[in-house]
Structure formats: C-alpha cells, structure tokens
C-alpha cells in the first residue's frame, strides 16, 4: 500500500514538474512600474494623468565631458559641438541641451534679437564669453562645472523607453563618446541605470535559485545518505 501511494506521489510530482517546464517559456522579467498596480487603482489613474501633463521625470541621460585644459578651449568646444550635433541624429534622442546651444536675448530699440551664449569664433570673443559665463550662476555649477573642467549635455530620450530599447540607445551613445576620444566623460541616467539594475537582479536571482537547488540536494543527501538514492528519487 505504501509503495502504491509512493508511486502515485512520484507520478503526480513528475506531471507537476512537466507542467512547470512546459509553461516556463511564458515566464519573463517585468519591471514596468505600472504593472504593480491594479488596472482600476485610482493611484494609477492619478499617475497616468500626471505623466500625460508633465511627462516622465527620468527619461534623460546626463553626459559630463571633461577637458584637461578646461572647457573654454576652442578646439574642445568645436569637438563637443560636433558630438552634440551627431548625438541629435541618434534614433531615440529627442533633444540635447547644453551651453553650446544656448542663446541670450539682446534688447535694442528695434526689438529683441538672440545671439549664442558661448562664442569661440575668435580668442577675443571666447575670452569675453568665458568671463561673462563665469559670473553667472545660472550656468556655472549647472551646465558647466564650477572649476570649468567639464561641461554637461542633457540628453532627453523618447518617453517610456523599455529596457531593450534603452540598452540599444545607450550603447549607441557610448560608442560615439568613445569615438571622439575626450579626456574623460561620465554618464548617468535611466537608460544606463535600468540596464545595469535589471542585469544585477537577474544575476542575483540566478545565484539564489542555484543556491536553493544545491541546498535542497544537500538536504536530501543528508536524509538518504546516498547519492544513488538521491538520483533515483529525482528521477
């Protein structure tokens, strides 16, 4: 009787295992914030309405480009502008904001005109622009480092970008950064962080799952004191 019950139990366990193996293909990682809420949740409705008005507050990438001799160098500024223009052509990039494309208003009796904030056409114009910018806290410490060693590019990418799409976009941007051979650069943003974060979660999940399997096998071995018996039990 016990043997018959054992066979039924093993058969049920085998069918259950086969079921999970066949349905495993539909299981995947999902880190979409909205999926943590019920579809009729009022908090989800408020979040979606807020996003429609103000858009996501993290769909951007910050790029700090460093120059050993300082950012107020005509060769460095020309290279940075070329990189910025190339960056705007990347699929998935919506807008790039930096001190290189900012303009300042000039009020005259004939109306309001705009001219580039940073002009490096000549040494004199570059020196004048540098002196003016260094006195303005609107730019220093924001789009330019306080010590003038680096400038910042704020790259706005498309809204609600997924991990796979974000990984592709960040890889494209990083490859262009490497191609320009800046003295140094640093990046921070969603498309960089979400890839690293999800990969870390997947690695930790695989580690703890493997650890759990090994732990169960060791526990079974301690109970049966035989690897052959354990092998037969698993079959």
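How about the range 59-80: which of its residues are farther than 20 Å from residue 124 by Cβ and surrounded by 13 or more Cβ atoms within 10 Å (Cβ to Cβ)? Explain how you work it out, then say what you get.
Residues of the range 59-80 farther than 20 Å from residue 124 by Cβ: 59-68, 79-80.
Of everything in the range 59-80, those that are farther than 20 Å from residue 124 by Cβ and surrounded by 13 or more Cβ atoms within 10 Å (Cβ to Cβ) turn out to be 59, 60, 61, 62, 63, 64, 65, 66, 67, 79, 80.
May I ask you to list the residues in the range 83-134 that are part of a loop (DSSP other than H, G, I, E, B) and either surrounded by 10 or more Cβ atoms within 10 Å (Cβ to Cβ) or in contact with a helix residue (DSSP H, G or I) (Cβ under 8 Å, 6 or more places away or on another chain) (or both)?
We begin by selecting, within the range 83-134, every residue part of a loop (DSSP other than H, G, I, E, B); these are 89-92, 98, 102, 109-110, 117-122.
Once the filter is applied, which keeps residues that are part of a loop (DSSP other than H, G, I, E, B) and either surrounded by 10 or more Cβ atoms within 10 Å (Cβ to Cβ) or in contact with a helix residue (DSSP H, G or I) (Cβ under 8 Å, 6 or more places away or on another chain) (or both), the range 83-134 yields 90, 91, 92, 98, 102, 117, 118, 119, 120, 121, 122.
Would you be able to tell me the number of residues in the range 177-235 that are at pLDDT below 75 and on the phi > 0 side of the Ramachandran plot?
Of the residues in that region, 1 qualify.
Name the residues in the range 29-54 that are part of a loop (DSSP other than H, G, I, E, B) and either touching a strand residue (DSSP E or B) at 6+ places or on another chain (Cβ under 8 Å) or at pLDDT below 75 (or both), would you?
Here is the first cut: in the range 29-54, the residues part of a loop (DSSP other than H, G, I, E, B) are 29-32, 37-41.
If the condition is that a residue be part of a loop (DSSP other than H, G, I, E, B) and either touching a strand residue (DSSP E or B) at 6+ places or on another chain (Cβ under 8 Å) or at pLDDT below 75 (or both), then 29, 30, 31, 32, 37, 38, 39 are the ones that fit.
Here are some conditions: (1) within 19 Å of residue 58 (Cα to Cα); (2) modelled with pLDDT under 90. Residue 156 meets all but one. Which one does it not meet?
Only one criterion is unmet by residue 156, namely (2).
The values are calculated or read from the model by the stated rules, or taken from the named source; none is laboratory data. From a predicted model like this one, the values you see are computed outputs, not experimental measurements. Cβ atoms come from the backbone with ideal geometry, glycine included; neighbour counts cover every protein chain shown.
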